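Student: One structure, pasted below without further comment.
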Amino acid sequence: MQLNKINIAVIFITTLLILFSIFIAVLNEKENSLDFYLPNSEQSLQCLYYNVLDFMSIKEYNNLEEVGTIRGLIVPHHLLAKDLIHEAFQISDRTKYKTIVVFGPDHESMDRGKVFTSSSNWQTPTGILNANKDIIEIISNLDFVVENNEKLTIEHSISGLVPFIEYYYYDVKIIPIALTKQLTLENLDKLLISLVENIEVEDTLFISSVDFSHYLSLEKANEMDKISIEAISNKDIKKIKTFTNDNLDSPNSITAMLKAMDLIGAKNMKILNNSNSQIILNKKLDETTSYITFMFY
């Protein structure tokens, strides 16, 4: 009887030691994984906002080949609106592009007037998305452009779209660009000219990552969307620059798209979709976010 108790105790202690060892191993693995997110890390950047559910039961949309080559897209970065992102990426020619430029807001905008980028590659669940290091090196020579891995990793307007880009576009390279709210039009023009003069325009897709009306009722958001659509359709940059979160979260990203399209001669635009978080969730919300997708060709 005493021997049985000793055997049970030994088994119990051994089990505890094994479980403790497994716990320590998992903890160490998690601690080591933090190295991926350190600024200036030589390892690939990580997609912090990836959710496998965003890539399950994907709806199918028709390619709009009749409009010719799509040069620019405005898409949301709030992943609740993932279907709008899938739609916009599916309607473009996914074998056409070699470089994708992504403009998005630096939501923090603590470093006033700066532009952030990164020449590091991105690790995604479907493979590595390479950065266009040559062009990023060129634009980084501008005194207001800063390479910052940590900024790009945590900025969801950029990082949130990376898995979608890797999923849809074959063998492209990315130029991620996060714009602070205080970036001047003069410096934005310098950035765009530097980009357009050095990229292969025919092989490049520009994407602006923008969410529209924030924190308003559906009815008020719809009113603001009409104002935003009119300003974008008229390329009224002066008006767009006055917009607050009532309209959209990155006037500079919209301005960058409109100016880039002018520089490369893409004269046409089309609204693809307009939706709202209340519509997607199918429940009444006091505060909503709206989404509008555009294509330029």
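Student: In the set [x] 26.7; [y] 20.1; [z] 29.3, which value of mean projected area of the Cα convex hull in nm² was calculated from the structure you see?
Tutor: [y]
Student: Quick query: amide H of LEU45 versus all other amide H atoms, modeled in the peptide plane; which residues come in under 5 Å with a sequence gap of 5 or more or a different chain?
Tutor: Answer set, sorted by chain and number: ASN121, TRP122, GLN123.
Student: Which whole-number percentage describes the relative contact order of region 47-296, with Cα contacts under 8 Å and a sequence gap of 6 or more? Please report the intermediate quantities before stating the final value.
Tutor: Details: 517 pairs, mean separation 67.8, N = 250.
So the answer I get is 27 percent.
Student: Residue-wise, which Karplus ³J(HN,Hα) couplings in Hz belong to region 97-107, taking 6.51 cos²θ - 1.76 cosθ + 1.60, θ = phi - 60°, and x for glycine or proline?
Tutor: After applying 6.51 cos²θ - 1.76 cosθ + 1.60, I find 9, 10, 9, 10, 9, 10, 9, x, x, 7, 4 Hz.
Student: Turning to a different aspect of this structure: Among LEU218, HIS78, SER233, which residue has its Cα furthest toward the positive end of the charge dipole of the chain, with +1 on Lys/Arg Cβ and -1 on Asp/Glu Cβ?
Tutor: It is LEU218.
Student: Beta carbons within 10 angstrom, averaged per residue: use that to sort the peptides 243-252, 225-234, highest first.
Tutor: With the highest mean Cβ count within 10 Å placed first, the list reads 243-252, 225-234.
Student: Within region 247-271, list the residues whose amide N lies under 12 Å from a label point set 7 Å along Cα→Cβ of LEU185.
Tutor: 255-256, 259
Student: Please list, or write none, the aspartates and glutamates whose alpha carbon is within less than 15 Å of the alpha carbon of LYS226, excluding same-chain residues fewer than 8 places away.
Tutor: Hits, sequence-local ones excluded: ASP211, ASP236, ASP246.
Student: Using θ = phi - 60° and the Karplus curve 6.51 cos²θ - 1.76 cosθ + 1.60, what whole-Hz ³J(HN,Hα) does each residue of region 230-242 get, with Gly and Pro shown as x?
Tutor: 4, 5, 5, 4, 8, 6, 7, 5, 4, 6, 4, 5, 8
Student: Using a Förster distance of 22 angstrom, determine the FRET efficiency expected from the C-beta separation of LEU48 and GLU108, and round it to 0.05.
Tutor: On the way: r = 15 Å, r/R0 = 0.68.
Using R0 = 22 Å, I get an efficiency of 0.90.
Student: Please list, in chain and number order, the residues 5+ apart from VAL146 or on another chain whose amide H is under 5 Å from its amide H, with Hs placed from the backbone.
Tutor: Counting only residues 5 or more places away or on other chains, the set is VAL115, PHE116, THR117.
Student: Now for a different question. Skipping prolines and chain starts, which residues have an amide H placed within reach, meaning under 5 Å, of the one on LEU272, given they are 5 or more residues away or on another chain?
Tutor: When sequence neighbours closer than 5 places are left aside, the close amide H contacts are THR293, PHE294, MET295.
Student: So, one more: Can you tell me the order of 122-135, 170-183 when each peptide is scored by its average per-residue count of other Cβ atoms within 10 angstrom, highest first? Walk me through the intermediate numbers first.
Tutor: Details: 122-135: 16.8, 170-183: 20.7.
With the highest mean Cβ count within 10 Å placed first, the list reads 170-183, 122-135.
Student: Kindly provide the GluC sites (Glu not before Pro) of region 99-185 that DSSP labels as loop, not H, G, I, E or B, and whose Cβ sees at most 11 other Cβ atoms within 10 Å.
Tutor: Details: sites: GLU108, GLU137, GLU147, GLU150, GLU155, GLU166; in loops: GLU108, GLU155.
In loop regions of region 99-185 (DSSP not H, G, I, E or B), there are no sparsely surrounded GluC sites (Glu not before Pro).
Each value in this text was obtained by applying a stated rule to the coordinates, not by laboratory testing. Everything numeric here is computed off the predicted structure, so don't read it as measured data. Glycine also receives a Cβ, built like all others from the backbone with ideal geometry; neighbour counts cover every protein chain displayed.
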